[in-house]
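*Asks:* Here it is: the structure, laid out below.
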Amino acid sequence: MSDLNPTADAPRSPGRPRSTRADEAIIEATLDLLAEGSTIEALSIESIATRAGVGKATIYRRWPGKDALLLDALRRLKGVVAQPAGHSVRDDLVLLVGAVGHNIDPRAERIMPCLVPEVNRSPDHFQLYQNIIEPRRKIMREVLRRGVAAGELRADLDIEVAMALLTGPMLIQRLLRWHPELDDRLLPEKVVDGVLDGLRAR
């Protein structure tokens, strides 16, 4: 048969390659709509497709549904997870605490505070938030465990409580601007040094 049809044995050409430009447009459209005030509930694949200038099928070929798309979009908004150098527990914690609530994308200031009530209302949105935050918690957890193993931090340290003590002040300051006179540039070091006074091994 191949003699009659010279293309029969030829390898099939791959499908049309996935467009990075379309991916970018979809993510940007999602973040723009959230920044403009759309709630997660009101946000639809149709509205995202319209803003991005693509068809709904284009989105569904890339993401199984809205939650998967939101996860990728919000991860983009949060930026790359800080990677500690591993030389000093204090310096690593200052780096990680300094990244809490800090976003280089200006849309984050409009989006993140609006997500708080939605996270509290919906178990699905709560899980979405946890999926975004857990990689950051994991890194801080590893730094604190390293400090305990090295004898720098108390052997009976409650790792989860320590993380709450370290991250809570930065979240409330950056999300709510709780105290406008605090210097945001110096706050990570002050928080870490203050908390470490109670965590260090005696």
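Where a number appears in this text, it was derived from the coordinates with a stated rule and is not lab data. Quantities reported herein were computed from a predicted structural model and do not represent experimental measurements. So basically every Cβ, Gly included, is an ideal-geometry build from the backbone, and we count neighbours across all protein chains shown.
*Asks:* Calculate how steeply helix 108-121 sits against the longest principal axis of the alpha-carbon atoms of the chain, using the helix alpha-carbon long axis, and give the answer as 0 to 90 degrees to the nearest 10.
*Replies:* It is inclined by approximately 90 degrees.
*Asks:* Between Thr50 and Ser88, take the C-beta separation as r, use R0 = 45 Å, and let me know the FRET efficiency to the nearest 0.05.
*Replies:* Computed FRET efficiency for Thr50 and Ser88: 0.35.
*Asks:* In the neighborhood of Leu171, defined by Cβ-to-Cβ distances under 14 Å, what is the net charge if each Lys or Arg adds +1 and each Asp or Glu adds -1?
*Replies:* Every neighbour counted, the sum reads +3.
*Asks:* Quick check: pseudo-label points 7 Å beyond the Cα along Cα→Cβ at Glu109 and Arg137, how many nm apart are they?
*Replies:* 2.9
*Asks:* Sort largest first and round to whole Å: the equivalent ellipsoid semi-axes of the chain, each the square root of five times a Cα gyration tensor eigenvalue.
*Replies:* Those come to 42, 24, 14 Å.
*Asks:* Which angle between 0 and 90 degrees, to the nearest 10, do you get for helix 20-35 versus the longest principal axis of the chain when only C-alpha atoms count?
*Replies:* 50
*Asks:* Ok, one more. On a C-alpha basis, how far is the centre of the range 149-202 from the centre of the range 22-50 in Å? Whole number, if you could?
*Replies:* The range 149-202 and the range 22-50 have Cα centres separated by 35 Å.
*Asks:* If I stretch the segment between Tyr60 and Glu152 completely, what's the gain in nm (0.36 nm per residue apart, minus their alpha carbon distance), one decimal? If you can, show how the numbers build up before the last one.
*Replies:* Working: separation 92, 0.36 × 92 = 33.12 nm, distance 4.96 nm.
The span from Tyr60 to Glu152 would gain 28.2 nm if fully extended.
*Asks:* Among Asn120, Ser19, Ala164, flag the residue with its Cα farthest along the positive direction of the charge dipole of the chain, charges on Cβ as +1 for Lys/Arg and -1 for Asp/Glu.
*Replies:* Looking along the dipole axis, the top candidate is Ser19.
*Asks:* Going highest first, how would you order 177-184, 107-114, 41-48 by mean Cβ packing within 10 Å?
*Replies:* Final packing ranking: 107-114, 41-48, 177-184.
*Asks:* Suppose the chain between Asp72 and Leu171 were pulled fully straight at 0.36 nm per residue; how much longer would it get relative to their current alpha carbon spacing?
*Replies:* Gain in length upon complete extension: 33.5 nm.
*Asks:* Determine the gain in length on full extension of the stretch Arg200-Glu41; use 0.36 nm per residue of separation and subtract their C-alpha separation, reporting nm with one decimal.
*Replies:* 52.8 nm
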